[in-house]
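Right, one structure below, let's go through it.
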Amino acid sequence: MALMELYTVSNRVWILDAEHVWKSAEILEDFHLGDSALELLLENGSVSYYPVDPSKPKLPPLRNPDILVGENDLTALSYLHEPAVLHNLKVRFVESRIIYTYCGIILVAVNPYKQLPIYGDAIIHAYSGQNMGDMDPHIFAVAEEAYKQMARNHKNQSIIVSGESGAGKTVSARYVMRYFAVVSKSGSKARVEDKVLASNPITEAIGNAKTTRNDNSSRFGKYTEISFDRKYRIIGANMRTYLLEKSRVVFQADNERNYHIFYQLCSCAHQPEFKDLRLLSADRFRYTCLGGEVTIEGVDDGKDMEDTRRTFALLGLKEDFQSDVFKVLAAILHLGNVEIRDSGGDKSSILLSDPHLAVFCELLAVEAGELVRWLCHRRIVLTAETLVKPEPKKRAVNARDALAKQIYAHLFDCVITRINRALQVPGKQHAFIGVLDIYGFETFDVNSFEQFCINYANEKLQQQFNLHVFKLEQEEYMKEDIPWTLIDFYDNQPLIDLIEAKMGILDLLDEECLFPQGSDQSWLQKLFSYLEASPLFQKPRLSNQAFVIQHFADKVEYQCRGFLEKNRDTLYEELVAIMRASEFPFLANFFQEEEQQSTVNSRGVKVRPARPGVKPANRQLKTSVGDKFRSSLSLLMDTLNATTPHYVRCIKPNDEKLPFEYDSRRVVQQLRACGVLETIRISAQSYPSRDIRRWTYIEFYSRYSILMSQQEADLSDKKQTCKNVLQRVIQDPDQYKFGRTKIFFRAGQVAYLEKLRLDRLRRACVTIQKHVRGWSQRRKFLRVRAAAVVLQEYIRGKRTIRKTVSAETLKRGWASVVVQRHWRGYRTRQVYQIVRWATVTIQAFTRGWMARKRYKKMVEEQKALVLQKYARAWLVRRRFQTMRRLVINVQLSYRVQQLRKKIEEKNRDNLGLMERLTSEANARSQAADRLHALEAKLEKLANEKASWERQSQEGEQLNADLQEQISQLTKHVTELQKQKEDLEANVQEQRREL
């Protein structure tokens, strides 16, 4: 069926409108090929003619049938286009007060600017365990889907929350983390889920600020990884931050504020614990009053400060750490009030008596003279010498502001790192769910370096989203065996290459930052020279200070002023040295050389820093902000690509922050920017991705059986029946495809089928109404006739009674009936009571007899148990005693044999000892004989002394030798005697033992 055949009378279309973007109109006359106009009836009652080119008719988009208005899923709309999406969101948001709507795999969340009772624990438990399409769209449904897929597929998940400032990203991310905290309680004393939730007030205090679009705008990107154990309970979390807007510390636009923490601190200036900081009110500090706004309507900064300090304590960050943080924050405020004077001749000066300078130096323990010198001077190192050059007031102010920004950036990273440590508890991570709360695509009247980085990040996220969506589509088509060809969609890889490739915008920016005399204007000229051929890069017609980039969402003009300064993010080395030499360790650690890019917590696990570290591309250049952001963004993309993503697109319905007010122009701008309309366009070119346009064969048969003829309604093969009906009803086979389990329709076909179904139902209704009305009239007539007959009978009976029977007879007859009724009731009650009493008596005796019988049986069983107990105990004891006697007999026999063996061995040893003793006695007698022989020889020698005088010396020597031999023999004999005594004693002892 051609689409033009749907442009018939009573069908409705959408036409462009300057105020509401699109407005509805009804077709008054059928459109035919060759017509030059389409006659329409507008909602205000006026008639309009829509011009159409007869050669190439371009008709207005059709409006969806009423059955599809207010659908939970935008992809379920029969006509997928911009006005249908806008109208569906408006109906749900304004009329039904529903803020959540699905768009395929995307959850569209419209900020109601009002607290709604849809986030309680009861709602959380209602969504827990449910499939994503079973209940109404909700942020909890997305969180449950991520949690369920993590547990079922054992794969890490990511929830990407994006949108404009003020669209509700931070609140949505907070509800996601609260859902995980409720449904996956850790069950430990550490209460990790409470700590994860407690980190939000701190990060909002130090990273959120009031802007013209949002009172609580996140000025940094945050990716929070919530860790789960094998039982899928929360065991910790880790945060990574991206591109903190440091420039807000020293400058705010009109009607904006600095970071909340400064105003919270100033609101507590009167409290005793903050007296040493010498704080003033927020309107007396330069860094907190530049925007002209120091308060927010409905916000109590003092109460928020109490919440911030309480969450610090809940995370285990002690009073000392809090005191150091507040001291640094107060020092930044005082630094902003340091007055820099113009001394003439491109020179500047600061009075050492400046009270704010004294407080700053006292709080941070730095030397005032050195600080004053290097704020107003600069060291220039030449080849042969080093010069100290005075700085003009403007550069001195820039140096002061750069120091304040650098200190705050280090403080921010330090707090995030300490929060990460506090969120780590013992236990091994099994899986994680990441929640990305990041800025959406932004375009302002004046777009600077921050907007460039933000839009660059959104280009990367949009690319990741496109690849993921088409991957899911391809998997679905392959699963259903549907012929599938690649759909043409916007590929932003050329734009990403334009920004980050070699000789791209960031590369040229880093190159220009290398030159000492580099400027924004010279960098801009390089862009025009190198990138002029790119169709995505343009030069503005009326400005030489800007360049234009065609992003996926819109064309944005960027002012080049300040790009180099913000990309360099330089701070004079002399000022860094002063901070590094501070006697305040908390501050000095900020400026130490970063030898490690990760810290180690108490359990030996590396905790990633708040911002991933990167290596400089050029050693001569300190890593630029753009290079850092590009590297951290690449790491984020790697993380997201390794997880299963879920998307939440937050929409800001109006700029006035009015509850449930819908500005179509602002909404459509955001839908284009966040990729929702691109998703709709892709779905319109293919087969829609969810629900109503992917009927199963059973569902299609059930809904469209009214279109089937009696011959086609073959219940035995419903699949073939569906094919036959579709081939007959829709002539173009390209408008639908048959899968293995589902039927896929292109845009508009379900609406056409619904129209045929409604026409058939309308004709059937007319027929049914005709027969029902005839039947109703006949039934009404029969009831009236029956009532008339009854009335006639009654009246005639009354007349007959009055003529034939007296009133006294009637009264007596009625009285007798009443007496009979009461008497029969009395007799029946009496019989019932007798039977009831007899029944109760029988039951009582029966139950007593049964109870006694049961009791007697229980007593017998108890006595049998007692007898069995004693009998079994006696048998066990007897068996034990028998076994013990047998064991003792065996042991006695074994020990007797062992003793006999031992006696025999001792006897053999005794015989050996006796033989040894005998041999020793013989040796002793022989030694005694030798001794007597020697004595005789000595006597002989004495008699012959005179003759032996010449040999006296030899004799004396021989005598000494003999004496020595005698002593040795004597000693030997003594030892033998002792050994003999020992042997005899040993023998006696062994005999006693035997």
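Worth a mention:
- Taking the range 477-588 and the helices (runs of 4 or more DSSP H) fully enclosed by it, the elements with 3 or more residues that are open to solvent by less than 30 Å² (accessible area, probe 1.4 Å) and within 30 Å of residue 467 (Cβ to Cβ) are at 493-500, 505-514.
- Residue within the range 851-868 that is basic (Lys, Arg) and either open to solvent by less than 80 Å² (accessible area, probe 1.4 Å) or in contact with a helix residue (DSSP H, G or I) (Cβ under 8 Å, 6 or more places away or on another chain) (or both) present: no
- Among (1) part of a helix (DSSP H, G or I); (2) open to solvent by 10 Å² or more (accessible area, probe 1.4 Å); (3) β-branched (Val, Ile, Thr), the one test that residue 75 misses: (2)
- Looking only at the range 222-231, and only at residues there that are farther than 21 Å from residue 201 by Cα and in contact with a strand residue (DSSP E or B) (Cβ under 9 Å, 6 or more places away or on another chain), the one that is most open to solvent (accessible area, probe 1.4 Å): 230
- Failed condition for residue 234, given (1) open to solvent by less than 10 Å² (accessible area, probe 1.4 Å); (2) in contact (Cβ under 8 Å) with a residue 60 or more places away in the chain; (3) among the hydrophobic types (A, V, I, L, M, F, W, C): (2)
- Of the criteria (1) more than 25 Å from residue 479 (Cβ to Cβ); (2) among the β-branched types (Val, Ile, Thr); (3) surrounded by 16 or more Cβ atoms within 10 Å (Cβ to Cβ), which one residue 772 fails: (3)
Yes or no, residue by residue, for (1) surrounded by 10 or more Cβ atoms within 10 Å (Cβ to Cβ); (2) under 25 Å from residue 977 (Cβ atoms); (3) at pLDDT 90 or above:
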| position | (1), (2), (3) |
| --- | --- |
| 875 | yes, no, yes |
| 878 | yes, no, yes |
| 883 | yes, no, yes |
| 893 | yes, no, no |
| 905 | yes, no, no |
| 914 | yes, yes, no |
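Yes or no, residue by residue, for (1) out of contact with any Lys or Arg (no Cβ under 8 Å at 6 or more places or on another chain); (2) of a type in the set (Ser, Thr, Tyr); (3) farther than 25 Å from residue 421 by Cβ:
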residue	(1), (2), (3)
114	yes, no, yes
145	yes, no, yes
163	no, no, yes
167	no, no, yes
177	yes, no, no
197	no, no, no
203	no, yes, no
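- Residue within the range 240-254 that is at positive phi and open to solvent by 50 Å² or more (accessible area, probe 1.4 Å) present: no
- Flag for residue 346 being touching a Pro at 6+ places or on another chain (Cβ under 8 Å) and not in a strand (DSSP E or B): yes
- Enumeration of residues in the range 104-124 that are within 18 Å of residue 669 (Cα to Cα) and touching a strand residue (DSSP E or B) at 6+ places or on another chain (Cβ under 7 Å): 106, 107, 108, 109, 110, 111
- Only one of the numbered conditions (1) in contact (Cβ under 8 Å) with a residue 12 or more places away in the chain; (2) open to solvent by 10 Å² or more (accessible area, probe 1.4 Å); (3) closer than 30 Å to residue 253 by Cα; (4) out of contact with any Lys or Arg (no Cβ under 8 Å at 6 or more places or on another chain) is violated by residue 404, and that is (2).
- Some residue of the range 162-169 being closer than 22 Å to residue 671 by Cα, part of a helix (DSSP H, G or I), open to solvent by 10 Å² or more (accessible area, probe 1.4 Å) and in contact (Cβ under 8 Å) with a residue 12 or more places away in the chain: yes
- Count of residues meeting criterion [acidic (Asp, Glu), open to solvent by 90 Å² or more (accessible area, probe 1.4 Å) and at pLDDT 70 or above] in the range 951-981: 3
- Screening 387, 371, 351, 357 for residues that are outside any strand (DSSP E or B), open to solvent by 10 Å² or more (accessible area, probe 1.4 Å) and farther than 22 Å from residue 416 by Cα leaves exactly one candidate, 351.
- Qualifying residue in the range 94-107 (condition: more than 22 Å from residue 165 (Cα to Cα) and buried (at least 18 other Cβ atoms within 10 Å of the Cβ)): yes
- The helices (runs of 4 or more DSSP H) falling completely within the range 628-740 that include 3 or more residues that are open to solvent by 50 Å² or more (accessible area, probe 1.4 Å) and at pLDDT below 85 map to 697-704, 718-729.
- Residue selected from the range 264-279 under the condition assigned to a loop (DSSP other than H, G, I, E, B) and without any contact (Cβ under 8 Å) to a residue 24 or more places away in the chain, by the criterion most open to solvent (accessible area, probe 1.4 Å): 270
- Filter result for residue 82 (loosely packed, with under 15 Cβ neighbours inside 10 Å and closer than 19 Å to residue 21 by Cβ): no
- Every condition in (1) touching a Ser or Thr at 6+ places or on another chain (Cβ under 7 Å); (2) among the acidic types (Asp, Glu); (3) open to solvent by 40 Å² or more (accessible area, probe 1.4 Å) holds for residue 306 except the one numbered (1).
- Pairing each residue of the range 50-61 that is under 18 Å from residue 26 (Cβ atoms) with any residue that is in a loop (DSSP other than H, G, I, E, B) and open to solvent by 70 Å² or more (accessible area, probe 1.4 Å), provided the two are 6+ apart or on different chains, yields C-beta distances under 8 Å for 51/36; 52/36; 52/58.
The values are calculated or read from the model by the stated rules, or taken from the named source; none is laboratory data. Keep in mind that this is a model prediction, so the values were computed, not measured. Neighbour counts run over all protein chains shown; Cβ positions are idealised from the backbone, glycine included. For the accessible areas, the whole protein counts, side chains as well, though only heavy atoms, and no ligand, DNA or RNA atoms are used. Shrake-Rupley method; radii C 1.70, N 1.55, O 1.52, S 1.80 Å.
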